[in-house]
Structures are given as C-alpha cells and as structure tokens.
1. Just from the alpha-carbon atoms, what are the Rg and Dmax of the stretch A:11-63 in angstroms?
2. For the stretch B:66-101 and the stretch A:95-128, compute the distance between their C-alpha centroids and round to whole Å.
3. Regarding the stretch B:187-309, what's the average projected area of the Cα-atom convex hull, expressed in nm²?
4. Give me log10 I(q)/I(0) at q = 0.16, 0.19 Å⁻¹ for the stretch B:76-208, Debye formula, one equal scatterer per alpha-carbon, no solvent.
5. Principal axes first, then extents: for the Cα atoms of the stretch B:19-157, list largest minus smallest coordinate on each axis, whole Å, largest first.
6. Test of understanding: in a Gaussian network model of chain A with alpha carbons linked when under 10 Å, which of A:S38, A:S179, A:S96 would top the mean-square fluctuation ranking?
7. From the convex hull of the Cα coordinates of the stretch A:32-155, what is the mean projected area in square nanometres?
8. Taking accessible area as the heavy-atom solvent-accessible surface of the protein chains with a 1.4 Å probe, which residues of the stretch B:39-53 lose no less than 10 Å² upon going from the isolated chain to the full protein assembly?
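The values are calculated or read from the model by the stated rules, or taken from the named source; none is laboratory data. For clarity, every value in this text was computed on a predicted model and none was experimentally measured. Counting neighbours? That spans all protein chains shown, and the Cβs are built from the backbone with ideal geometry, glycine included. With ligands, DNA and RNA removed, areas are computed over all heavy atoms of the protein, side chains included. Shrake-Rupley method; radii C 1.70, N 1.55, O 1.52, S 1.80 Å.
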Amino acid sequence: MHPDLLALIVTLKLATLVTLVLALIGTPIAWWLSQSTSTARVVVEPLIALPIVLPPTVLGFYFLVAFAPDQIIGGIWLKLVGTPLAFTFSSLVIASCIYSLPFYIQPLQLAFQSINRGFLEAASTLGASPLKRFFYLIVPLSRRGFITAGSLAFAHTIGEFGIILMIGGSIPGETRVLSIALFDHVESLNYQNAHMLALGLVIFSFLLLLAIYTLNRAPQEQNRGLQSHVS
Amino acid sequence: MFLEASINMRRPSGFELQAQIDIPDSGVTALFGPSGSGKSTLLRLLAGLERGYESDEITIMSRGTIWQDAVKFLPPHQRSIGFVSQQPQLFPHTTVLGNLKLAQKFRPAPAGIALADVISWLELESLLHAHPQHLSGGEAQRVSLARALIGTTSCLLMDEPLASIDTASKTVLLEYIHRLSTTLSIPIIYVSHSLQEIQFLADRIYLLRNGSVVSNGSMLDLGNSLLLNKDQGDNAGSMLTCETLGLDEQYGLTSLAIDQQRLYVTGQKLNTHSHARISVPARDVSITLQQPQQSSILNILEATVVDIEKSTHAPSVLISLQLEQQILLARITRKSLDHLSLSTGQRVFAQIKSISLLNENLLSED
C-alpha cells in the first residue's frame with residue numbers, strides 16, 4: 001500500500017474514533033454546561049477551552065510526559081492493557097479527544113442553551129422522563145448543533161499536527177497521519193507529493209465545510225418559505 | 001379528595017405564597033386573582049414545575065400518594081397530570097399529529113385518555129398534518145390542550161390558557177374546555193384573571209391576593225359575590241342559572257325562568273326545560289323602587305338589596321341583589337344611591353338591559 005494512502009486511512013480512523021468518543025463524553029458535558037448554575041462551571045468552562053488558545057506543542061509536551069509508563073496515566077494504561085501507551089494509536093485518540101473537546105462542546109452547548117425551556121417543561125408534564133426528553137426533543141431540536149459539533153471535531157482532528165508530532169512519532173500504519181506525512185515530504189524536499197497531500201486536504205476541508213453549511217442552511221430556507229407562505 | 005396541598009413558601013425576592021388547597025375528585029376548581037397574586041406559582045407547584053426552597057414548607061398529597069413534602073419530591077413526569085400553559089409550546093420539529101404521538105410515546109397509559117378520543121373531542125382532524133407554525137393562536141392552543149389530555153389519568157391543570165389568543169378564538173376554546181369539563185371524569189384546575197372565564201367554567205373558586213387565599217367556596221356562593229367583583233370595574237357581573245321555558249315564535253324571544261321569575265332573550269333554539277347559564281354585566285342593571293309600568297325594558301326582576309360595596313371615592317357603587325336563590329349585581333352611580341336612599345333589606349326592581357347566554361351551543365346537547 002502507498003504510504004500516503006496508509007496515512008489517509010490512519011487519519012480517517014483517528015478522526016472517526018475521536019468524533020464518536022466525543023459524542024459519548026462531550027454531549028453530557030455540553031448539556032451540563034448549558035444547564036448548570038453551579039460554581040464549578042466557572043472553572044470547567046475555561047479549562048475545556050484551553051486547547052483553543054494553547055500552542056499544540058504545549059499540550060503535546062504534557063501528554064508526552066503523562067503517557068510515559070512511569071507516570072500515572074501511562075502507568076495505569078500499562079497495567080490495564082499490558083503495553084505502553086506512548087507512541088501508539090491509542091495515545092493519539094486520547095490526546096486528540098482532549099485537543100478537539102472545545103470544538104465539539106462549544107457549538108453543542110450553544111445549541112442546548114437556545115432550546116426554549118417551555119418545550120422541556122411541556123414534555124415533562126406530558127410524562128417524559130429526562131432520558132425521553134433528551135432523545136425525542138433535545139436531540140432533534142439541536143440537530144444543527146450536533147452537525148456542527150461533529151464536523152468541527154472531525155475536521156479539527158484531521159488538521160492536527162503539533163500534538164501528534166510531539167507524542168506520536170511517525171510510525172506508518174499506527175501514528176503517521178496525513179499532516180505528518182506532508183511534513184515528512186517537505187523535509188525530504190519531495191514537493192510533488194507534498195503538493196498532492198496539501199491540495200487534497202484543502203479540497204477535503206472545503207467540501208466538508210460546504211456540506212455543513214448546506215445542511216445547516218436547509219431548514220432555515222424551509223422556515224423562510226413557510227413564513228412567506230403564511231403571510 | 002383528589003389533592004390536598006399546604007404551601008408556605010418565600011422567594012428571595014420577598015414574595016410569599018401561603019395557601020391551603022383541596023381539590024375534589026371532579027369538576028373545575030378555579031384559582032382566581034389579579035396578576036402577581038401567586039395563582040400561577042401555586043399551579044406550577046402543584047404540577048412539580050417548581051419545588052420551592054429548602055426553607056419552604058410544601059406538602060402536596062394526591063389520593064394518599066405524596067407528591068411533595070420535606071423529604072420527597074415527585075417530578076412532573078411521574079404525576080400523570082395534563083398541563084396547558086399560556087403559550088401552546090407545540091414542538092416545532094414535527095406536525096400536529098407528531099406532537100400528539102410524542103405525548104402518546106411519553107405516557108403510554110392504556111388507562112388514560114386515548115389519542116383518537118382527543119382528536120374527535122377537539123375536532124383536530126383537519127389540522128393533523130399541519131406544522132405548528134401554520135396554526136393560528138387558537139388552533140395551536142386547542143392542539144396543546146389535546147396533547148395535554150393524552151394519557152392523563154390524574155388531573156388537568158390550565159394556566160391562563162386563553163390569555164394570549166384573540167377574542168373570537170377565546171369563545172370557541174372556552175366552549176371546548178367547558179364541554180371537556182362535563183365529559184371528563186378527572187378534576188380540572190383552572191388559573192385565570194378573567195372573571196368571565198371563571199364564571200363560565202368554574203364549580204369552585206379560590207380567590208388569591210398578594211400570595212394568600214382570601215376566600216374559597218362554590219361558584220354559587222362566591223361567583224357573584226361583591227368580594228370577587230369589586231375590583232373588576234366594567235367586567236363586574238353575575239352569572240345566573242336559569243331554566244329554559246320555550247320560544248315565543250311571534251316575537252322571536254325565548255323565555256327563561258330564574259327562580260320564580262321570568263326573563264326573555266332574543267331567539268334561540270333551545271331545548272325546553274334544560275339549564276342555561278346567562279351572564280349579566282353589572283353596568284347593564286339599573287334599579288327602581290316601584291315596578292315600572294311603561295318601560296321598553298322587558299327584563300325586570302324583583303329583588304332585595306343585601307349588600308352595597310362603596311369604594312371610597314369611585315363615582316359608582318356595586319349593589320348585591322338577592323333573587324330567591326341567586327345573586328344579581330348592579331352597578332349604579334353614587335348619586336343615584338343617595339337619591340334612592342337604598343339600604344340593605346329594601347325591596348327593589350332590577351331592570352336588565354342586556355343578557356348573554358353563555359353556553360348556547362352546549363345547550364342543544366343537554
């Protein structure tokens with residue numbers, strides 16, 4: 001298999017896995033942040049936003065340290081799994097989840113906050129348990145928030161470079177992702193392959209964003225159509 | 001008794017709510033009062049949409065089950081209530097039918113009210129596939145009422161359901177609610193600041209002011225009382241129950257019997273010997289001391305003055321007139337009061353300028 005194709009597969013696998021993990025852990029966090037009046041929120045919110053402002057190398061450095069087998073996280077991993085965490089695909093998933101967390105949580109939190117509380121109250125008086133309210137009401141009403149959050153987390157993971165450079169190394173089929181492959185091509189002055197990868201990423205990112213914007217605009221146009229129909 | 005509640009709560013803003021409420025197993029109980037009197041808060045507490053603060057003393061019991069006390073709090077979705085608020089709150093991502101089906105999914109209660117029943121009761125067949133944003137305010141509230149009823153097994157709570165819809169739709173919806181209240185075997189708790197709605201619907205009234213229950217009693221005792229009507233200005237009026245006697249074809253008038261006396265309303269196709277509720281605005285009732293012999297006014301009732309409400313400096317006073325069983329209210333000027341030197345116990349004649357039949361559409365079904 002062409003090494004660049006292998007890098008593409010690793011990248012897509014990573015981004016998909018990270019998006020799924022974030023959907024599982026990020027959604028409850030976003031809901032809690034959107035509803036909570038607790039003081040803990042004051043600390044948790046900026047903590048989650050940290051990856052947006054920190055240079056990825058800072059995060060990467062701390063991950064590198066933490067994933068070492070003689071450190072807590074690396075040690076627990078070694079005990080549970082039996083192999084070291086550092087320089088594995090799993091370490092990329094863990095690091096990317098934290099790195100992309102704000103990109104998943106923030107749009108979803110906004111979507112949750114904009115849900116009319118009256119709908120939720122109505123549902124509870126109709127006999128809906130919190131879980132039923134979530135799946136039958138909150139999810140469909142914040143559909144756009146989920147689309148935006150998921151695609152941003154996915155795209156942001158694909159675009160990741162600094163952290164992976166610090167913790168992943170460049171092991172083909174394991175930790176060598178597209179952005180690293182591109183970097184390797186440039187370092188070895190292989191500009192033709194670098195061009196191919198770079199242009200491919202540009203086109204992919206554009207298409208993804210195009211899809212998000214189109215999906216998110218569709219219901220709006222529908223609404224506008226409805227309103228003009230009514231008036 | 002369906003529900004017994006004892007509320008003693010205090011908001012950080014300083015607002016206090018103190019109420020003892022008993023809701024019987026059937027009929028419409030109204031929580032009536034001006035805005036800010038605490039009636040909506042009281043209803044939300046009964047629904048479990050608010051639970052007060054730790055220092056509050058709130059006990060709500062329904063048929064032996066504790067809904068709320070110092071240690072226990074049953075969330076709204078476990079109370080099996082129907083709740084209709086001022087805004088219809090229809091779920092915007094689905095159709096009318098979708099809204100009703102969601103309610104069915106939320107509360108799959110075989111013992112409760114069925115989907116097909118509410119659709120026919122509230123005549124929603126033609127609206128089922130419309131989206132909520134296409135409905136008029138009145139239609140949306142009708143759907144909201146239908147949705148609240150599905151699967152409900154304990155009671156129906158309504159919080160100013162007619163407050164934000166236009167007058168024409170109000171009348172229509174009021175009749176739907178009245179019909180439901182006679183069809184359903186579950187109690188209804190109805191919050192409103194509108195005297196007309198209360199007089200039309202309620203069997204019992206709790207009158208609230210500034211967070212306290214000022215008075216409570218049956219519609220017959222309290223509905224036409226000065227206590228309830230004195231702040232109502234031009235809306236003050238009495239609701240009377242009559243028996244229908246028949247249509248006078250020559251003049252197009254229907255005669256009604258109220259206690260032993262006779263009233264006439266313009267042509268209505270009413271079943272004879274059924275009950276009709278009429279509403280008489282107090283400002284359309286005038287008083288004479290002798291029976292007028294030559295007057296164009298048809299409806300003249302003999303009555304006894306039982307009470308006079310003199311607001312300090314208002315130019316008009318409200319007078320409570322006792323018919324045989326029922327109370328008729330009249331609003332006259334203070335000048336006339338002095339001129340006629342009216343006092344309690346006096347026999348007078350009340351001339352009624354206008355009467356509206358409240359439940360004309362419902363009558364044909366009686």
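1. Cα only, the stretch A:11-63: 13.6, 38 Å (Rg, Dmax).
2. 20
3. Values: hull surface 38.6 nm².
So the Cα hull casts an average projection of 9.7 nm².
4. Normalising to I(0) and taking log10 leaves -0.77, -1.10.
5. Dimensions of the stretch B:19-157 along the principal axes of its Cα atoms: 48, 36, 29 Å.
6. A:S38
7. Working: hull surface 39.3 nm².
Convex hull of Cα atoms, orientation-averaged projection: 9.8 nm².
8. With the partner chains in place, the stretch B:39-53 has these residues losing at least 10 Å²: B:R44, B:L49.
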